[in-house]
1. Restricting the range 50-59 to residues that are without any contact (Cβ under 8 Å) to a residue 40 or more places away in the chain and touching a strand residue (DSSP E or B) at 6+ places or on another chain (Cβ under 8 Å), which is nearest to residue 31 (Cα to Cα)?
2. Please enumerate the residues belonging to the range 1-53 that are modelled with pLDDT under 75, closer than 14 Å to residue 67 by Cβ and not in a helix (DSSP H, G or I).
3. Name the pairs whose Cβ atoms lie under 9 Å apart, with the first residue in the range 65-83 and on the phi > 0 side of the Ramachandran plot, the second modelled with pLDDT of 90 or more and surrounded by 18 or more Cβ atoms within 10 Å (Cβ to Cβ), and 6 or more positions between them or separate chains?
4. For the range 60-81, what are the residues that are out of contact with any strand residue (DSSP E or B) (no Cβ under 6 Å at 6 or more places or on another chain), closer than 13 Å to residue 22 by Cα and surrounded by 15 or more Cβ atoms within 10 Å (Cβ to Cβ)?
5. Return yes when residue 56 is modelled with pLDDT of 80 or more and in contact with a helix residue (DSSP H, G or I) (Cβ under 8 Å, 6 or more places away or on another chain) and no when it is not.
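The values are calculated or read from the model by the stated rules, or taken from the named source; none is laboratory data. Since this is a predicted model, take the numbers as computed values, not measurements. Neighbour counts are summed over all protein chains in view; Cβ atoms, including those assigned to glycine, are modelled from backbone coordinates with ideal geometry.
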């Protein structure tokens with residue numbers, strides 16, 4: 001998976017991730033794991049958290065259906081609708 005924390009861009013894997021989470025359980029990702037995955041180049045956790053929160057606000061503007069929460073322990077992900085719904089095209 002690829003996520004550019006500075007541009008707010010993410011690959012299809014991230015965009016599709018939230019709608020594949022178990023709807024009953026959700027998923028929890030601790031800050032340490034988020035930093036390992038997305039925080040290359042950050043030496044301080046507090047700087048990473050600040051920028052990650054800012055980026056997620058930008059992501060949420062575009063992907064309103066994304067359901068996630070951040071707290072002092074990490075990120076809780078909930079099942080969400082895909083960012084682009086599949087269109088069914090009928091045959092003529």
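1. So in the range 50-59, the residues without any contact (Cβ under 8 Å) to a residue 40 or more places away in the chain come out as 50, 53-54, 56-57.
Remaining after also requiring touching a strand residue (DSSP E or B) at 6+ places or on another chain (Cβ under 8 Å): 53, 56.
On the way: 53: 11, 56: 14 Å.
Filtering first and then ranking leaves 53.
2. Hits for the range 1-53 are 21, 22, 23.
3. Hits for this filter: 74/31; 74/34.
4. Across the range 60-81, the qualifying residue is only 79.
5. No.
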